[in-house]
Structures are given as structure tokens and as C-alpha cells.
1. Scan C:M181, C:M92, C:M152, C:M146 and give me the residue that is within 9 Å of chain D (Cβ to nearest Cβ), touching a strand residue (DSSP E or B) at 6+ places or on another chain (Cβ under 9 Å) and either away from ligand 3 (no atom under 16 Å from the Cβ) or at pLDDT below 95 (or both).
2. Residue under question is C:V117, and the condition is that it be within 16 Å of ligand 2 (Cβ to nearest atom) and either out of contact with any Leu (no Cβ under 8 Å at 6 or more places or on another chain) or more than 14 Å from chain D (Cβ to nearest Cβ) (or both); does it hold?
3. Would you confirm whether any residue within segment D:433-443 is part of a strand (DSSP E or B), within 16 Å of ligand 1 (Cβ to nearest atom) and out of contact with any Phe, Trp or Tyr (no Cβ under 6 Å at 6 or more places or on another chain)?
4. Looking only at segment C:33-51, which residues are outside any helix (DSSP H, G or I) and open to solvent by 60 Å² or more (accessible area, probe 1.4 Å)?
5. Looking at segment D:173-189, can you tell me whether even one residue there is farther than 30 Å from D:I283 by Cα, away from chain B (no Cβ under 14 Å) and out of contact with any Cys (no Cβ under 9 Å at 6 or more places or on another chain)?
6. Inspect all residues belonging to segment D:285-298 and state whether any of them is farther than 24 Å from C:W62 by Cα and crowded, with 24+ Cβ neighbours inside 10 Å.
7. Residues of segment D:302-358 being closer than 27 Å to D:D533 by Cβ and either within 16 Å of ligand 2 (Cβ to nearest atom) or small (G, A, S) (or both), which ones?
8. Please find, within segment B:50-73, the residue that is modelled with the lowest pLDDT out of those that are aliphatic (A, V, I, L, M) and surrounded by fewer than 16 Cβ atoms within 10 Å (Cβ to Cβ).
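The values are calculated or read from the model by the stated rules, or taken from the named source; none is laboratory data. Because the structure is a prediction, the values reported are computed rather than measured. As a convention, Cβ positions derive from the backbone with ideal geometry for all residues, glycine included, and neighbour counts pool all protein chains shown. Ligands, DNA and RNA are excluded from the accessible area calculation, which covers all protein heavy atoms including side chains. Shrake-Rupley method; radii C 1.70, N 1.55, O 1.52, S 1.80 Å.
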Amino acid sequence: MHEHRDYEGAKIGMWLFLFTEVLLFGGLFLLYAVYLHRYPAEFHAAGKDLSRIFGTANTIVLITSSLCMALAISALQRGKVVLSQRLVLLTVAMAGVFLVNKFFEWSAKIGHGIYPDSPALLKLPPGEMVFFNLYYLMTGLHGIHVIIGGAVLMYGWHLMRVGRVTPEHFVFLENGGLYWHLVDLVWIYLFPLFYLVV
Amino acid sequence: MTGHDIKYDTGPDAGPDAVHDAGHHAVPVRTNMLVWAALMLLTAITVGVTSFDFGFLNVVVALSVATTKAGLVILWFMHLRYEGRVIRLMVFTAFVILAIAIGLTFFDVAYR
Amino acid sequence: MYPQSLTPVQQVDLAFTIIFGFSVFVLLAITAAMLWFVWRYHESRHPVPAQFSGNVPAEIAWTVIPSIIVMGLFYYGWEGYKALRTVPEGAMEVKVTARMWSWVFEYPGGKRGSVLVVPVDTPVKLNMTSTDVIHSLFVPAFRIKMDTVPGMETYAWFKADRPGEYDLLCAEYCGLKHANMITTVKVVDKAAFDAWLASADAPGGKGRALMETYGCTSCHSLDGTPGVGPTFKDLYGAEREVALPDGTRRKVFADEGYLRRAFTDPNGELVVGYDPIMPSTEGMVPREDMEQMLAWLMHGNEVGREEGRRLMEAEGCISCHSTDGSIIAGPTLKGLWNAPTTVLRDGREQQVTADEAYLRAKIANAQTQGTVKGFDPMMPPYEHLTPEQLGSMVEYIKSLGRHAH
Amino acid sequence: MSADAHDHPNFFQPLPGTKGGIASWIFSTDHKRIGMLYLYCIVAMFLVGLTLGFLIRLELIAPGRTIMGPQTYNALFTLHGVVMIFLVVIPSIPAAFGNIFLPIQIGAEDVSFPRLNIFSWWLYVIGAVLAVVSLVTGKGAPDTGWTFYVPFSAVTTTNVDVAVVAVFILGFSSILTGLNFITTLHRLRAPGMTWTRLPLFCWSLYATGWIQVLATPVLGITVLLIFAERVLGVGLFDPSRGGDPILYQHLFWIYSHPAVYIMILPAMGVISEILPVFARKPIFGYKMIAFSSLAIAFAGSLVWAHHMFVSGMSDTAVMVFSFLTFVVAIPSAIKVFNWVSTLYKGSIRVEPPLWYALAFIFLFSIGGLTGLVLGAAGTDVHVHDTYFVVAHFHYVIFGGLGFGLFGAMHYWFPKVYGRMYDKRIANWSCLIAFVGFNILYFPMFIIGLQGMPRRYYDYLPKYAEGHFLSTMGSWVLAAGLLLMFWNLWRGIRHGKPVGRNPWGAATLEWMVPSPPPHHNFDAEPVVTHGPYDYTGVKPDA
Ligand code: HEA
Ligand code: HEA
Ligand code: CUA
Ligand SMILES: [Cu+2]
């Protein structure tokens, strides 16, 4: 069987996969839209309880990590393999920062007794319950994607090291990058929806 | 049926070798930096405007900014600008379907 | 086409007729064409195929014409729907609560029942909700169907134009006894309806009255005093010694089958100590009446406890709890009184006794009392019941016998 | 099977220099082998599903309890639905015949992502195994119906958790197949294989692929939400926690309505392949048929809430979705008219695949036309959730997809096995199945109109005749299908060997040997004519 080296095909495949991710989150965005429509006041009140500082910090981290990723690919295309490797590591490091941040944010909330099915949550008005449930689900699902994205990028880094991703054959890294940008993209919406639209 | 050969972007010899090198176009560092700066600026704006209350427009503003940011990421970071018609059309379709799914649902929830 | 003069039923049936008419026509045309082509252009009759691959005017025609027709079909369907949704002014409102697996209808004035009784020629609006999962109220005769959704109110309306009894079914799958969540719409004339609405239910209901009508009570006492025949008190489920026609004696339980035989062939099994004098009900008592009496014997024969039985039927308890020892979704109520029960509370097993306090608390809000081992925590709360009502339910449970150790 | 079998082994035989064996199948990346794996799994699951349907009918032969209690019955129709929908009809034609023939039909060596392809088969197997596990673990088999409606699915104590995870995984398997096909069709067409020379089967798979990619993730998140609801207590659909159970239905049908077109489009593709071959004449209105596949795929994603006319959603939504439902019927109508016209002035050779295709058109039309009754708001209120709906979807799914699948089996059988089944028996089994099918499902329309609700384990005596007849029909149908499967089975082993092109078809798969070799083509083919151009093409042997 001859080796497939169809870049365009690989990219089409990756984009198609990204669509499935978009629609996976899409279902949750749909729920968010409907519940925001139904409980504007409660969403307003509950949103105030989320830390805007954490949110903004994480936005900056994630956007910057996206930049690193884009730079890493440009660097690789120009043949600067080592630079590219470092940029990928930097991207992953920022993914780590994002997760640590998220961890503190979640623990603070959980420390206040607000988590799905918690007694404190069940005492809140229905709209706020919905808000927090959505918050945990959507940021949780996003967090899982951050972890997967980080892992994929680390693997890309490894492939660069062993010379299987090269300035000539970099489609793996490019697709990994696409995935990472998608993770960023989702957060770009989550951020205003949970921390700002209040 | 003798089909009229419609010219498709990948051309009549759409074999695996017909790669047109869109993806190999390296985005200049400067462009990436500019995009990043724009994203940061938009983040600042969207956080900044929350101190004003536009009522119902709050959501509209926040989502418009987010969509602009998303556009920047998709077009430059994700290289969609440099891709061929096929991929662009595909991305468009996917988002249209999502918009339809959310939009049509509102025929229910908005009128209940 | 026929402005205003159509009832929703007619409007919907018109839509049915039009769509079916169109469908049958298209189906026959397509099938006929298909079969005719296969015969006419079979290779033996038409060896050389024509080589054309389309015909633009034809294709445009069969895109445009169906589009237009289909819009017509949509229109009639929508008209039918509008008729079903437009409630006339001044409709009588009945509140419907669906729950696993029974219906409660609450009339203006607060009367509740598990059968929907409505006056003829009067628009009735049903305001519906559910306490647990989604059900759907379906009355085929009136072409209405509407889901009952927890946390939400939905409605449907109908107008019955002649008295009679119509099936009312649950059309949304709701678990174990979905198929048995059936009751009746009783359409009666206006006077009868008003009288019914005003009446309180007589103790014992019809079965008890029939016992008097047919003279059973002249031989059987209701309160345990001995008479010509054995008393009816605590009869159902009791142990009996009977003599068969050939003289042999045997111990039996007064279960349903036994009671039925006792009606139709009273002397086949003669209770020891009594004479073979009871006449058979065969030919004398109509079937429905016999069923009524049986039902009363089995479930309602304690004076003062019929109320409990009636309530339990109206509240839907009987759809989950049997009174004969079998298990539906919950434990049987037979022999429950004072029985030791294992419940799971906060993850631990505990022994409780089904005494008055436990039963009252359990019925009012089952989940606060833990969950009986081996069952699911699915029993809905009944916090709207008054203490008296709880009392009569407990009385009824008592009447079903105490636990035999 | 010829002399060159040694240097050109067919794809069943081990590659030269390898031992073969089971591992060379279940880890194969050859699209043909993967297609066969799917085919056998799907047929096996189909037999399971049919047996369950058969048992359902036995229980319903008479009112009251017949052979099982309500809990068993409820689990049975749930399982019947889940197996049939997620394990049989959604993968069926695309994953089996699509995998085997799509690459060959476009002149490619394989699909774009062969490893993803076998991975998706593995996901399918894992999903199927989990579905079985859900039956025997936890507190009993799921009893929710294949629609998993909340709040019931959130409160029932049966093993819904595992079942929804299985559905999630199966969804991913389906996505990967769709993704693979779309990419393959864009990238791997042979020189000269323009979009207007693409066989209509490929077009239908292309449209299907888009639905798989864009709709299935919504199902994924929906079942994950059930899982979250049950396991984490996230009450997004729980009214006591501010949730709205009707939103669940929106999400579910946003996938599951388009899913019905995942089922039917590939079958329509098969019919579009079979008809011209046996009419010896180009298909009528190629472009309209290709285009209507895309139109169905697109418009099909706009109509989901027609399953919810009595759910308590707004009347405005009822109007909009009823209207859109009628719009989506039009591309189907176009296809039917074009198919019938293809027969016009042909030179028709009547062979088993054609019978199946004709049966398809008839049965699908009945199913589709009764779909109009369901799409019309006023009439749907009466027949919603009754046996009318049950009859509708068995006509479209079984009469449509099912007979399409049988048609595909009979059409491609000689290509896959290089042998021919007994055609006379094949015709008979088609006839028996067709008759049985109608006895089985037609009475359901009538009892449905009379008000017999679906998912009822017991029913009022007034529906007894219809149910009885229906059960009788299931026996006739079973006889027909068993005869069919037996005949095919016998054909595999004892059928008469055939050459490359027994039907005289013009698509590329008939240019390669039967069975196809490991490498589809010795040299990359260059396509110079349309797929239904029969000038000069003759059936061999
Ligand atoms: C293969 C699967 C398949 C297909 C193709 C279809 C096709 C269609 N379906 Fe069906 N449907 C199901 C599978 C399918 N359905 C299933 C599984 C359910 C039940 C789910 C559940 O609840 O469990 C269901 C339920 C269902 C409902 C909900 C019923 C209810 O629960 O109340 C509705 C309502 O609108 C509907 C409508 C339609 C319509 C309008 C089409 C149209 O696409 C049909 C188009 C076809 C034709 C119109 C016939 C051919 C054309 C002609 C003969 C030419 C002449 C016609 C015209 C001019 C219009 N379907
Ligand atoms: C592809 C889809 C498909 C197919 C082919 C079938 C096939 C059949 N189905 Fe279908 N059915 C569904 C999909 C399908 N079904 C779905 C999605 C539902 C909804 C579920 C829900 O409500 O959630 C449903 C629901 C459903 C109901 C409604 C249940 C209810 O609402 O209470 C009924 C009732 O009669 C029924 C009957 C049948 C019958 C008799 C067959 C017959 O075709 C079967 C004929 C039988 C045979 C041909 C058997 C032959 C074989 C043997 C006897 C044994 C041989 C075994 C071996 C060799 C191992 N089905
Ligand atoms: Cu209640 Cu079904
Ligand atoms: Cu549908």
C-alpha cells in the first residue's frame, strides 16, 4: 500500500473533525442560549459570582498560547525546527497555566459549596442552578479539550524530535495546531458568556 | 449520460497529487503578532464595556466582539484565508447549520 | 372552505381525507406506471433501449406541481391544528394531573376523580401537568392529544356532542404500566353532570348499594354479626373451610376466584356450618353489577374504609400498589399494617414498623422516610392530602389485613 | 478464481507472503475487508433485532400478558429500537457497501484514512459490546425506548448509563465513516472522474457523510447530558432544577431526524445504481437526483421538531416545522418520479435486484406519503405516538432502507463473492417477504388511526384483530427473510462462478475482477464516460 501524503486531504479531514467538535459544543451553546433567554436576571446574578479576574487571565493565556502555536507552525515551515519545538512547549506550558488557573477557580467555587447536585446549589433559584450547571459542564468539557489538545501537541513535539514531523511533512503539527485554535475559539465564546454577559 | 466536465477547484485530475500548496504558505511573524495584538485589544474592549449597561444589547456587544475574535483566529491562526474554496465553503456550511439549529429552536422557546 | 361550521374533529378529518386522497392517487399512479413500464419495456418486447437521460420540462413540472400541492396539504393540516388549539370562550376548565400511572381530574369546586366526567355539548378545557415524567393525554374520539410535562402547563380542549363513554389513554411512554394508564371520558347530560358534581360519593359506592338492591345483605351482615350466611366483614383473603359436593372437606382462601365461584355456584363449595340455600346470581344479576359487588367485597367492604379505597383509586396509589399481595411498582398494601419493613435511609438499612405514624409520613412524602429495600425511590409526594384523608387511607390499609408473622 | 490467483489473490485470500488469519482481518486497513467486517456484524445485529421484533409481535398477538411481563416488554422494544437504529440501519449501507465500493467506484486504491476506517469499526464493535453489557449489568436492561426521553430516562433505575455511553461511541464510529468518505470523494477521484461522472451511490454517500459529520455530534452531547443528569445530578432537563425537558427533545431530534436521512439516502443511492443497469438506459435526470440528495441532507436538518407537535412546544414552532416538513418531501418526490421515468422506454431485464428496487419504491412511497400525514400538524396530533407512526417508520426504514439493503446485497453479491446465488429462490423470497411485510405493517396504520398507542404491552380488545393479523404477517415475513438469507448463504458456498460484469453495469467496480484483488487497480484508471453509459457494455457470461 503506498504511503498517503495527501496534505489537502488530511486538512479536510481535520476540519471535518473540528466541525464535529463545534457541533458538540453547539448543543451546549443552544442550551445556554435558551436558558439565558428564559432566566436573564438569574444569569446576571449568578454571573457576578464568577471571578472576572480568573476569566480574563485565562483568556489572555489561551490567546497567547494560540499565538505561540501559530508561530510554531510558521517557524517549522521556514525550517526552524528547534524554535518550533520551543514554541510548541511554550504553548503546552500555557495550557498548563490555564488548567491550574481553572483548578483554583473551580476549587474556590466548590469550596463555597457550589457544584452540581450540592445542597447549597439546590437552594438557589432555578435560573442560577441552571447557570452553574452549565458553567461546570461547559468549562469542564472545554477543560477536557485543553488536556487532549496539550497531549496532542506534546506528541507533535515528540514527532519533531524524532524527525517524523519536518519542515516538509508537518501536517500533523498543523492539524494539532488547528485543534488547539479550536480550543481557543470555544473559550473565546465561553468567556463573555459566563464572565461578562451578566 | 455523458457528463459535461464541470471544472472543480481540484481540477479534473483530482488525484492525490493535485495538492495546491495553500497550506505551505508560511504566515509572516508580523501578521501573527498583529492578529494577537488585535485579539488582546478586543479582549480589553469586551471586558471594559461591561462597566456600561446597554441592557439587552450587552449580549449583542459581547457576542459581536467574540465573533470578531473568532473570525481573526479562524482566518489567520487557522489559515482559512489561505485555504481553497472547498474548505472555506465547508466551514461556512458547518457554522450555518449550527446557527440554524439554534435559530429554529427559538421558534419554540421564544413563543412559548 | 366551510367557514366556522366545522368542529375540530371534522376539521382534522377533512385534512385526513385530503391527504389520504392525494396519497392514494399518487401511490396508484406510481405503482401502475412502474408495473406497466416493466411489462411494456421488458427486453423481450423492447429490445433496444432509448438513450435519453432527462427531460427538463418534465422535471420542472414534477418539482413545481408537487410543491404547490404540498403547500395545500400543509394548509389543511394547519387549519386542523388551529381548530384544536383555539379554545372557545367560556369553556369549562378541568385541571388534569398525570402521574405514574393514573390520572387525576379536578373540577371547578375542587371535586377530584380518576375518571373524566363532562357534560355533553359543552366545551371543556383541560389544563394539564405532570408530577413525575412526561405523559400524554389522548382521546382518539375527540382527536386530541397533548403531552403533560412536569414543571409546565399544557392544554387541550374538546366538545362532546353525544353522551357516552370514550377511552382516554396515555400516549407518551412513561414506564412500567404505561399501557395501563387508561381511563374513561364519561359524557353525560348537563343535569346529570351537575348532580354528579354536587354529590359527595356515597360510602361504599355502587357495589354496596347493589348488595342491598339484590338483597345480599339480608343474609350477610357487614359488621361481623352472624346471620343466615357468613358475614362479609374481613371476608376477602380469609381462610375458609369448605365442603365439596362429594363430602370432602378442604381449606381454601377467599381469593377472587373463590368469591366469583361463590356468586355463580354458591353450593359448589359450601362453607362448613352453613346450609346450601344461597341462590346463584347466574341469570339474576347482570355481569357489570356482579363485578361491582365483587370489587366492593374485595376492596371496600369495611364501613368507613370505602373512603380510603376511593381516595386511593383517585390518587393513583392503586396503579403502583396492589391490594392482593402482588407487586407492581411498589410493595403491596395487603398485610402491610404493622409489618416490619427494611428501609434504606441515608445509605444505611433500618428496620421500621408500618404503624400509623410511619404510614402517614410515608404517604405524605415518601422520600423523607427512606426507601423500602428492593424498590426504587419513585413514589411521588402527596403533600396536598389532608390529615383526615391520610387517616382514611391508613384505615383502608388496616382493612387489608395485618402482617402475619 | 482464475489461473492468476497466485500473483493476484482476491481480497479474501491472504496477501502473498503472509499467513492471513483473523488478525489480517480485524486489523486490516483494506477498505474491502473492513466493509466485509461491517457487513457481517451488521447482518448479525440485524438478525438479533429481527428476532426481538418477532418476540414483540408474539407478545402482542393477543391482549393481556402473552409471553412476557411489562418490564421485559419495555426493555425489548427499547433494545429492538437501539439495535436496529444505532447498530444496523445507521451504519448499514454506508459502512458496509460504501466501504467496499466507494473507493472502487471512484477509481481509488482506498479511502483517505484507512487506519481511521478500521478504528471506526473497532468503535462500532465496542459500542455493540457495551450495548450488550448494558443488558446484563446494573439494575436490568434499559427500558426507555430508543429515544431516551427525559425525565423518564433520568429517573429510571435500569442501566441507562451504559447504554448511552454505547450510543455515544457508536455515534463517533459513524462520524469517522462520514468524515472519511467526504475526504475520499474530494481527494481521491481518479483522473476523469468529475463530479458529474460520480455514480449516484457516491453522491448519496457524500450527502450522508455531511449529515453524519454535522448532526451526530449533537446526539453525542445529548446522551452525555443524560449521563451527566444521572451520574452527576446536573439537572439541565430537570424542571425542579430550572431545566426544561422539552429542550432534550429538541437536541435529540436535531440529530435523530437527520439520522433518518442517514438511513435512507444510501439506500436511495443503491436504487439509483440498480435501476439503470436493468433498464439498460441512462438514469433519468442524473443531476436532479444528485442534487436532491444534497437538498434532502440540507432541508432534512430543518425539520426536526415535527416529532414534537404535541410536546408542549409553541404553536408558532408547530407551524414552522410543519411547513418545513412538507418542503423536505419534495426532493424525495423528485427522486421517485425520476426513478420511474428511468424505466420508461428502457429494455428491462428482470432480475432479483430489480425486484428489490421496485419493492423499495412501492414501500418507501407508502412510508413517505404517510409521512405527509404526520407532517401535517392537525392530523399528527391524532396519530402521534400511535401505531400509525410505527407503521410509517417501518415502511420507510424496513421497506426503504431494508429492501434497499437487500437489493444491494443481491446486486453486489456476484462482485463480492465471484459467485451467483439461485435467482429463482431470490425472486421467491423477495415476493414472500414483500407480502409478509404488508400483512405485518399495513394493519398498523389502521389500528393507529383508531387510536392504538405505541409502546403498549397490553391493549384494549378493540385492537385485537389488527394486532393478530400483524403477528401473522411477521411469520410470513420471517419465512421470506430466512429463505433469502439461506439462499445467499448457499450462494456464497455453492453458487455458480461469475465473471467481472454479470449484470452489464458501467460503473468502475465492474471493471475489476470478482472478487476484487487486494489492490483495486493495476494501473490508475482514467475515466472517460459517465457511470450509466451502457453503449458497448454487455453482461459477460
Ligand atoms: C428511513 C427513515 C425515515 C424516512 C426517510 C422518513 C421520512 C419522512 N418522515 Fe418519518 N420517521 C422515521 C423515519 C423516517 N421518516 C422514524 C424512525 C420515525 C419515528 C421516530 C420515533 O418516534 O421513534 C419517524 C417519524 C416521523 C414523524 C413524527 C411522527 C410523530 O411521532 O408524531 C413525522 C412528522 O412529520 C415524519 C415525517 C416524515 C416525512 C414527511 C418524511 C419524508 O421525507 C418522506 C418523503 C417521501 C415521500 C413524500 C414519498 C415519495 C414521493 C412520492 C411517492 C411522490 C409524491 C409525493 C409528493 C408530491 C409529496 N416522520
Ligand atoms: C431497521 C429497523 C427496524 C426493523 C427492520 C424492524 C423490524 C420489525 N419490527 Fe420494529 N421498530 C424499530 C425498527 C425496526 N423494526 C424501531 C426504531 C422501533 C421503535 C422502538 C421504540 O419505540 O423505542 C420499532 C418498534 C417496533 C414495534 C412497536 C413496539 C411498541 O411500540 O410497543 C413493533 C411492534 O410490532 C415492531 C415490530 C417489528 C417486527 C415484527 C419486525 C420484523 O421485521 C421482524 C420480522 C422477524 C423476522 C424476520 C425474524 C426472522 C428470524 C428469526 C425468527 C430468528 C432467526 C434467528 C437467527 C438465525 C439467529 N417494531
Ligand atoms: Cu403515562 Cu404513559
Ligand atoms: Cu423526522
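1. Of C:M181, C:M92, C:M152, C:M146, the one residue that is within 9 Å of chain D (Cβ to nearest Cβ), touching a strand residue (DSSP E or B) at 6+ places or on another chain (Cβ under 9 Å) and either away from ligand 3 (no atom under 16 Å from the Cβ) or at pLDDT below 95 (or both) is C:M152.
2. Details: within 16 Å of ligand 2 (Cβ to nearest atom): no; either out of contact with any Leu (no Cβ under 8 Å at 6 or more places or on another chain) or more than 14 Å from chain D (Cβ to nearest Cβ) (or both): yes.
No; evaluated as a whole, the condition is false for this residue.
3. Taking every residue of segment D:433-443 in turn, none turns out to be part of a strand (DSSP E or B), within 16 Å of ligand 1 (Cβ to nearest atom) and out of contact with any Phe, Trp or Tyr (no Cβ under 6 Å at 6 or more places or on another chain).
4. Passing the criteria: C:E43, C:S44, C:R45, C:P47, C:V48, C:Q51.
5. Yes, segment D:173-189 contains a residue that is farther than 30 Å from D:I283 by Cα, away from chain B (no Cβ under 14 Å) and out of contact with any Cys (no Cβ under 9 Å at 6 or more places or on another chain).
6. no
7. D:S332, D:A333, D:S341, D:G346, D:S347, D:Y356, D:A357, listed by residue number.
8. B:L57
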